[in-house]
Amino acid sequence: MAKLEWREKLITVVCLMCLSHISLASHMIAVEIRARPIDCSTRKYEITLIGYVNTHSAALFGGELDSLSFGDGQSIRVSEQLPVVIDPVLNIGRVEYVIIHTYATNGRYILSYREHARNDGILNMDNSAFTTFYTESAITIAEGNCDSSPFLTVPPIDRACRGIAYYHNAGAIDPDDDSISFSLVTPRSSRSAEVVNYSNPNDRNFYDVLGIGYNQGNENKNGAPTFFIDPIDGTLSWDAPGVTGEYALAIKITGWRYNLKDSAWIESGFCIRDMQVKVEDCNNQK
């Protein structure tokens with residue numbers, strides 16, 4: 001895409017973000033699903049939906065069009081949830097929605113949550129305000145063994161600064177003591193569809209539009225900007241953000257169990273943290 005087209009796109013996004021009298025302000029920062037067995041013999045699970053939201057937004061987490069699917073053909077509408085403020089400076093609240101669900105048979109189940117729209121003005125996808133939010137987790141239930149999904153212990157309440165390296169670690173643990181690995185995946189609008197025209201946050205267009213030389217886009221200004229996650233310790237590194245605004249990203253945390261019978265590692269489950277990162281010009285912050 002030509003540089004002029006990217007400038008026009010970014011200007012349009014900024015204008016849309018200013019039209020708060022037409023649409024509700026952005027509210028979602030991150031969402032994840034936890035699944036924990038209560039009684040393995042009856043396949044009874046505690047399912048916890050955790051959301052991090054902008055407390056200055058008029059929009060609430062959940063609603064008539066927002067649903068949690070258990071992966072077995074059953075789902076439930078998630079009613080609107082009031083957040084608990086966990087960071088009054090950054091205006092971040094936490095929502096926790098808990099429900100008990102019993103699975104009829106053993107098997108592998110992919111749990112999912114969808115909201116009717118993502119935040120308005122996300123820079124690295126098209127038409128975010130009209131794009132469905134979707135995230136998922138997976139568990140495996142076998143005879144005498146009921147896996148939990150990995151849990152994330154560190155909330156996404158930090159911020160990123162333009163031109164300064166950004167790091168995030170979700171503090172993932174596996175309650176079953178399975179090994180875990182980390183990867184970046186493309187945010188999705190459904191199980192079968194990715195969001196439209198997604199680009200990594202270090203795409204050169206987010207630097208060219210500022211007149212920044214892409215090969216001097218990192219914090220030390222001696223190399224191109226990078227965006228990756230350590231597959232072992234789970235540290236996300238973005239060195240360094242370019243144009244200010246809101247970016248979407250998704251981290252997949254996968255649990256692995258060693259099968260002595262086959263002498264092989266098998267996937268036991270996973271969870272995905274779909275989150276937004278707001279990049280600010282911190283030099284202008286008082």
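Per-residue 3J(HN,Hα) values for segment 177-187, derived from phi via the Karplus relation 6.51 cos²θ - 1.76 cosθ + 1.60 with θ = phi - 60°, read 6, 6, 6, 10, 10, 10, 8, 8, 10, 7, x Hz in sequence order (x marks Gly and Pro). Shown for the chain: the carbon plus sulfur share of the solvent-accessible area, taken with all protein chains present and a 1.4 angstrom probe, equals 52%. For the chain, modelled as a Gaussian network with Cα springs under 10 Å, which listed residue fluctuates most, Ile173, Ile164, Ile99? Looking only at Ile173, Ile164, Ile99, the biggest GNM fluctuation is shown by Ile99.
Around the amide H of Ile29, modelled in the peptide plane, lie the amide H atoms of Tyr52, Val53, Asn54, all under 5 Å away and 5 or more residues distant in sequence or on another chain.
With every protein chain left in place, what is the accessible area per residue of the chain in square angstrom, probe 1.4 Å?
That works out to 48 Å² for each residue.
For a quick check, take a GNM of the chain with Cα springs below 10 Å and name the residue from Asn220, Asn202, Asn169 with the largest mean-square fluctuation. Residue with maximal mean-square fluctuation among Asn220, Asn202, Asn169: Asn220. Remark: segment 198-206, residue by residue, has Karplus-estimated 3J(HN,Hα) of 6, 9, 4, x, 9, 4, 4, 5, 6 Hz, where x stands for each Gly or Pro and the curve is 6.51 cos²θ - 1.76 cosθ + 1.60 at θ = phi - 60°.
Once both labels are positioned 7 Å from their Cα atoms along Cα-to-Cβ, the gap between Ser237 and Leu65 label points is 4.0 nm. Once Cα Rg over 2.2 N^0.38 Å is calculated for the structure shown, the corresponding label among (i) 1.29; (ii) 1.05; (iii) 0.93 turns out to be (ii).
For the chain, please report how many Lys pairs fall under 28 Å Cα to Cα, leaving out neighbours fewer than 8 apart on the same chain. So the count of such lysine pairs works out to 11.
What the phi angles of segment 53-60 give under the Karplus curve with 6.51, -1.76 and 1.60, with θ = phi - 60°, is a coupling list of 10, 7, 6, 8, 7, 7, 7, 10 Hz, glycine and proline written as x.
For Leu111, the residues whose modelled amide H falls within less than 5 Å of its own, excluding neighbours fewer than 5 places apart on the same chain, are Ser137, Ala138, Ile139. Between Asp87 and Ile92, the built amide H atoms are under 5 Å apart, and every one of these is 5 or more places off in sequence or on another chain.
The values are calculated or read from the model by the stated rules, or taken from the named source; none is laboratory data. Bear in mind that the values here come from a model prediction, so they are computed numbers and not experimental data. When we count neighbours, we look across all protein chains shown, and the Cβ atoms used for this are built from the backbone with ideal geometry, even at glycine. Remember, those area values only see protein heavy atoms, side chains included, never the ligands or the DNA or RNA. Shrake-Rupley method; radii C 1.70, N 1.55, O 1.52, S 1.80 Å.
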